[in-house]
Amino acid sequence: MVNSKMFIGGLSWMTNTEKLREYFEKYGEITECVIMHDPITKRSRGFGFVTFTDADNVEKVLQSGPHKLDDKNIDAKVAYPKKQRQKLVTRTKKVFVGGIATNTTTEDITKYFETFGQIEDAMLMFDKSTQRHRGFGFVIFESEDSADKACEVHFHEINNKKVEVKKAQPKEVMHSQTSGTKGHLKTNHNRGIRKLSCSSYTISVPYVEI
């Protein structure tokens, strides 16, 4: 069965939600139309989502391309996880964020992801020896739907740096038997692996001595 939600990419900076809705309404009734914006600059991030009442309307869009809006070719496709990732997807409020710039703060992370829904907690994982974050962290939303929305796009841009966003899965997050504290660091020098315990989960991160 075809999903009734579509990802719309390649949007012009001039395109707003009203124009996007007006363009796709000719294919059928729309229940939701949204363009994603940068929370800091408030500018369009060049993509959005359109959800139809009837999934058959998605087929109409796919068969009638190419599409052009505000003198720019746009990419319209079904919004669902890649096939190879579908079996890993679970319902969770927790999202892993990797590749974070060194100058990015917890406040930056919170402000950015608030556009997807209410946040319970946001954290960056720190190395106690250097007092610097290790380039990754977690965001915990109040609802699983918000986490789903944030993960619909694999790569996001925060502070001019592309970051990876995905649901916290066993490969990245391994539940530990003992509780830890945020930012607690254990080092295994023999294997070149550092284990970070954060609340109820542990992450193994390769490192290089310098």
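Among the residues of segment 1-30, those identified as under 14 Å from residue 52 (Cβ atoms) and of a type in the set (A, V, I, L, M, F, W, C) are 1, 2, 6, 7, 8, 20, 24, 30. Taking residue 19, is it more than 26 Å from residue 162 (Cβ to Cβ) and in contact (Cβ under 8 Å) with a residue 40 or more places away in the chain? Yes: the conditions hold for residue 19. Scanning segment 141-160 for residues that are surrounded by fewer than 17 Cβ atoms within 10 Å (Cβ to Cβ) and over 15 Å from residue 45 (Cα atoms) yields 142, 143, 144, 145. Quick check: anything in segment 63-72 assigned to a loop (DSSP other than H, G, I, E, B) and within 25 Å of the chain's Cα centre (by Cα)? No, that holds for no residue. Report yes if residue 115 is at pLDDT 85 or above, surrounded by 15 or more Cβ atoms within 10 Å (Cβ to Cβ) and within 13 Å of the chain's Cα centre (by Cα), otherwise no. Criteria met by residue 115. Could you list, ordered by first residue, the pairs with Cβ atoms under 6 Å in which the first is in segment 56-74 and more than 14 Å from residue 6 (Cα to Cα) and the second is surrounded by 12 or more Cβ atoms within 10 Å (Cβ to Cβ), at least 6 apart or interchain? Listed by first residue and then by second, the contacts come to 69/15; 69/23; 70/12; 70/15; 72/12. Of all residues in segment 24-45, those satisfying the criterion of being at pLDDT 90 or above and more than 15 Å from residue 62 (Cβ to Cβ) are 25, 29, 30, 31, 32, 33, 34, 35, 36.
Please work out if residue 129 is exposed (fewer than 15 other Cβ atoms within 10 Å of the Cβ), at pLDDT 90 or above and not charged (D, E, K, R). No.
Mind checking which residues of segment 46-62 are part of a strand (DSSP E or B) and of a type in the set (Ser, Thr, Tyr)? Within segment 46-62, 51 is the sole residue that qualifies. In segment 100-116, the residues that are not assigned by TED's automatic domain parsing to the domain that holds residue 41 reach residues that are hydroxyl-bearing (Ser, Thr, Tyr) and in a helix (DSSP H, G or I) with C-beta atoms within less than 8 angstrom, at least six apart or across chains, in these pairs: 116/146.
Here is a yes/no grid of residues against (1) touching a strand residue (DSSP E or B) at 6+ places or on another chain (Cβ under 6 Å); (2) part of a loop (DSSP other than H, G, I, E, B):
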position: 12; (1), (2): yes, yes
position: 22; (1), (2): no, no
position: 33; (1), (2): yes, no
position: 36; (1), (2): yes, no
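The values are calculated or read from the model by the stated rules, or taken from the named source; none is laboratory data. Owing to the predicted nature of the structure, the values given are computational and were not obtained by experimental measurement. Cβ sites come from the backbone with ideal geometry, for glycine too, and all protein chains shown count toward neighbours.
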